[in-house]
Structure formats: structure tokens, C-alpha cells
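Have a look at the structure below before the remarks.
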Amino acid sequence: MSPSLEIRSFRSGDGPAVSEIITSCLREVNSRDYPDETITLMCEHFTVERIEQLAFERQMFVAVEDGAVVGTVSRDGNKVFTMFVQPRTIGRGVGRRLMRHVEMLASAEGHDFMETGASITGHGFYQRLGYIDVRTSETDFGLNYILRKPLEDTRP
């Protein structure tokens, strides 16, 4: 993991970089688990305009390394959404740092657990972070795992 990695709030102007990270990840990584039609649908969903709308609706964060946005995550309370990292940074702790960031915020607010939906591709990542399967659901994009992780109370 790069010591220069910074987690910060989404800013005006981050939309294009976040959209590019998501579509790159979907095309380069998730495509091994999903048919082309599903990947295309997902990519069409995460336009710059949609990203900016999501950043307005919930807290969105980006991971920045050497001045470039390399990952993103958003949350609403104890629910995690839209966690993606630039494919070239996978395995370097970017996703882990993003998740730790939103988990600490949720814990500080008094939430007992964190919950997320995971694609087939991301399922193992969340399990390695201590998330446990609760159920599965079907979405417009296919199978979705719902996972939870207990949080430690970090309130002062």
C-alpha cells in the first residue's frame, strides 16, 4: 500500500475519474463473472451524471494516490455502496482502506454493523474483510450477495 494514499470526500470534478474507475473495473475485472450484456448495462448505469447524483444523495469518498483518484466508496449510515478500485491498484490495499474508512465513520455514529451488497466478483473481498453472508438477492445486474460485519464501538 502506498504511503501517499489519501481517503477524502468526493469533490466537484471527481465524477469523470470515478466513472472511469468503475467502468474500467467492470470491463477488466467483473467481466470474468458476468456476460457482456450485463457489463454494458452496469457501465451505462455509472455515468458521470449518475455518480454526481449519488455523491449528492449519500456520502461518497475517493482514494487518491499521487494526485490521481484510484478508488471510490459511498455510504448511507451503515450501508456501503459503489466500492470500486482502479484495476491496476487491486491487491495494494486501496479497497481495504476505503472500507475501513466508512466502517470507522459508521461505528463512530453508533452503528453495530456494516452492510453491503456484493457482486459475484467482489464477494470474496468482503469475506476476507470479515463480512458474513446474510442472504442473496436478484438485481437488474444479476445475483447480489448481502453481507454484514459487526463493528466495534469507536465513540469517545
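Below, the figures for the structure above:
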{"quantity": "Some residue of region 31-39 being in contact with a Gly (Cβ under 8 Å, 6 or more places away or on another chain) and within 16 Å of T139 (Cα to Cα)", "calculated": "yes"}
{"quantity": "Single match in A63, A55, A17 (criterion: of a type in the set (A, V, I, L, M, F, W, C), more than 27 Å from K149 (Cα to Cα) and in contact (Cβ under 8 Å) with a residue 40 or more places away in the chain)", "calculated": "A17"}
{"quantity": "Test: T82 is touching a helix residue (DSSP H, G or I) at 6+ places or on another chain (Cβ under 8 Å) and at pLDDT below 95", "calculated": "yes"}
{"quantity": "Where V48 falls short, out of the listed (1) within 17 Å of Y131 (Cβ to Cβ); (2) in contact with a helix residue (DSSP H, G or I) (Cβ under 9 Å, 6 or more places away or on another chain)", "calculated": "(1)"}
{"quantity": "Wholly within region 24-137, strands (runs of 3 or more DSSP E) carrying at least 2 residues that are of a type outside the set (S, T, N, Q), surrounded by 15 or more Cβ atoms within 10 Å (Cβ to Cβ) and in contact with a Leu (Cβ under 7 Å, 6 or more places away or on another chain)", "calculated": "59-65, 68-76, 113-118"}
{"quantity": "Out of S4, S12, sole residue that is more than 18 Å from V85 (Cβ to Cβ) and either in contact with a helix residue (DSSP H, G or I) (Cβ under 8 Å, 6 or more places away or on another chain) or outside any helix (DSSP H, G or I) (or both)", "calculated": "S12"}
{"quantity": "Residues (under 19 Å from E65 (Cβ atoms), among the charged types (D, E, K, R) and over 12 Å from the mean Cα position of the chain (by Cα)) located in region 80-125", "calculated": "R88, R92"}
{"quantity": "Residue match in region 126-149 (condition: in contact with a helix residue (DSSP H, G or I) (Cβ under 6 Å, 6 or more places away or on another chain), without any contact (Cβ under 8 Å) to a residue 40 or more places away in the chain, among the hydroxyl-bearing types (S, T, Y) and on the phi < 0 side of the Ramachandran plot)", "calculated": "yes"}
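Yes/no matrix, rows are residues, columns are (1) at negative phi; (2) modelled with pLDDT of 95 or more; (3) polar (S, T, N, Q):
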{"residue": "R8", "(1), (2), (3)": "yes, yes, no"}
{"residue": "P16", "(1), (2), (3)": "yes, yes, no"}
{"residue": "E20", "(1), (2), (3)": "yes, yes, no"}
{"residue": "E44", "(1), (2), (3)": "yes, no, no"}
{"residue": "Q59", "(1), (2), (3)": "yes, yes, yes"}
{"residue": "A63", "(1), (2), (3)": "yes, yes, no"}
{"residue": "V69", "(1), (2), (3)": "yes, yes, no"}
{"residue": "T72", "(1), (2), (3)": "yes, yes, yes"}
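The values are calculated or read from the model by the stated rules, or taken from the named source; none is laboratory data. Everything numeric here is computed off the predicted structure, so don't read it as measured data. In this analysis, Cβ positions are derived from the backbone assuming ideal geometry, glycine residues included, and neighbour counts consider all displayed protein chains.
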